[in-house]
Amino acid sequence: MPDPLLSALSARLQTARRITVLTGAGVSRASSVPTFRGTDGLWKSFRAEDLATRDAFERNPRLVWQWYEWRRGLIASCEPNAAHHALARWTNNRQVTLITQNVDGLHERAGSRDLIRFHGSIWHLRCARGCAQGSAAWEDRRVALPKLPPKCPYCDSLARPAVVWFGETIDATVFERCARATDCDAFLSIGTSSLVYPAAGLVQAAKARGALTVEINPETTSAGASLDMAIPLAAEQALPQIEI
């Protein structure tokens, strides 16, 4: 029997012209990609300030790249789950903007369109020095990379993962696209802790503009209480049941 909350949400979404979805690490959990803040979170074993900051990279780029190489190898063995596939259908069938905080690339592998990578992609690199050509990220899905740390192919400086590290700001163009996407009829926050700003503020921005706001997460977050609906289910359970 369909969950009554999901049936009610389906009915609301079928009349929405513009839908925006924000996904977090919980969407990839069923694909065996470890979350950062769950009970199996990566930060339980490693301190973020040792591995995911510009200072850490400048101190020991090889150590940072060894960690990212390990993560790339782990993610390469993962497959998109039912939540990724449901969202891919949404983006292909309706006017749905998908914003993801995840860097794992599983939304892309599932076939999602109109995707905004809020924190970048673990499969993209860019010049650490910021040379003119290497400032634009390039894709490299090889596992393992032939050399650690890898070099920028344009100026031979070190390359870095094209992800947003702690203490760094979101790319202005990316943030502007996300801000525009809060002008929608419905905004769904799925599988996210609602702790990481500025991404966590997007759902409130949408609410302020009159959107239906929904959280889908196994545990209701601090933000969930202020939204229109909070559905305590895992993404891979909930999303296949939602008809839009």
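Computed from the coordinates by the stated procedures, all read-outs in this text should not be read as laboratory data. Remember, it's a predicted structure, so these values are computed and weren't measured experimentally. Glycine also receives a Cβ, built like all others from the backbone with ideal geometry; neighbour counts cover every protein chain displayed.
A few comments on the model shown:
- Kirkwood-based shape ratio for the range 89-139, expressed as Rg/Rh from alpha carbons: 1.08
- Altogether, the Stokes-Einstein calculation at 25 °C and 0.890 mPa s, with the Kirkwood radius of the range 54-106 over Cα pairs as Rh, returns a diffusion coefficient of 181 µm²/s.
- Ranking of 70, 165 by count of other Cβ atoms within 10 Å, fewest first: 70, 165
- Gain on full stretching of the segment that runs from residue 109 to residue 48 - 0.36 nm per residue minus C-alpha separation: 19.3 nm
- Converting phi to 3J(HN,Hα) with the Karplus coefficients 6.51, -1.76 and 1.60 and the offset θ = phi - 60°, the range 142-155 yields 5, 10, 8, 5, x, 8, 10, x, x, 10, 5, x, 9, 10 Hz in sequence order, with x at every glycine or proline.
- Computed over the alpha-carbon atoms, the range 115-241 gives an Rg to Rh ratio of 1.08, Rh here being the Kirkwood radius from the mean inverse distance.
- For the chain, 78, 178, 184 have no disulfide-compatible partner, since no other Cys C-beta lies under 4.7 Å from theirs.
- Average 1/r across all pairs of distinct alpha carbons in the range 44-183, invert it, and you get the Kirkwood radius: 16.2 Å.
- Over the chain - Rg/Rh using Cα atoms and the Kirkwood inverse-distance radius: 0.98
- Farthest towards the positive end of the charge dipole of the range 140-213, among the residues 152, 197, 211, is the Cα of 152, using unit charges on the Cβ of Lys, Arg, Asp and Glu.
- Taking the C-alpha atoms only, the angle from helix 82-93 to the longest principal axis of the chain is near 80 degrees.
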